[in-house]
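The values are calculated or read from the model by the stated rules, or taken from the named source; none is laboratory data. Computed from a prediction, not measured in an experiment: that's the story for all the values here. Quick reminder, even Gly has a Cβ in these numbers, built from the backbone with ideal geometry, and neighbours come from all protein chains shown. Surface accessibility is based on the protein's heavy atoms, side chains included, excluding ligands, DNA and RNA. Shrake-Rupley method; radii C 1.70, N 1.55, O 1.52, S 1.80 Å.
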Amino acid sequence: MPARRRGLPAAPLLLGLLLLCFSAIPGREAEKAGVCPQLQADLNCTQECHSDAQCASNLKCCQAGCATICHLPNEKQGSCPQVNTDFPQLGLCQNQCEVDSQCPGLLKCCYNGCGKVSCVTPVL
């Protein structure tokens, strides 16, 4: 009479170990929702994170010049247009928003020419 095998069959066990190892590879963590805003450069080049998984709650790992920091993501796609600071901008020089969700439609909350933020059409 053949001996009965105990425990899990070898193939599913090996597959489980392989999946566990693959998920532990840096950079393979699930990306969090939202998109990183355009951040001011951090001249200290601080590397606070390497992936979204290293950031608390809904914060994302975002580029800030040579640095990476955990930051609240924007909710809308596209990036903020480049601002030409050589010429003064027309309009109100006051903060109009803090995050994308405060802007109507597809508009994003971006820095304007006078050092404040306002709702503008993003560059897609």
Can you confirm whether segment 66-89 contains a residue that is over 19 Å from residue 33 (Cβ atoms), among the β-branched types (Val, Ile, Thr) and open to solvent by 50 Å² or more (accessible area, probe 1.4 Å)?
yes
Boolean, residue 57 is open to solvent by 70 Å² or more (accessible area, probe 1.4 Å), of a type in the set (Ser, Thr, Tyr) and at pLDDT 85 or above:
yes
Exactly one of (1) modelled with pLDDT under 85; (2) under 29 Å from residue 47 (Cβ atoms) is unmet by residue 65. Its number?
(1)
Neighbours by Cβ (under 9 Å, 6+ apart or cross-chain): first from segment 80-103, small (Gly, Ala, Ser) and at pLDDT 70 or above; second open to solvent by 60 Å² or more (accessible area, probe 1.4 Å) and assigned to a loop (DSSP other than H, G, I, E, B):
101/75
Count of segment 106-124 residues which are of a type outside the set (D, E, K, R), at pLDDT 85 or above and open to solvent by less than 60 Å² (accessible area, probe 1.4 Å):
8
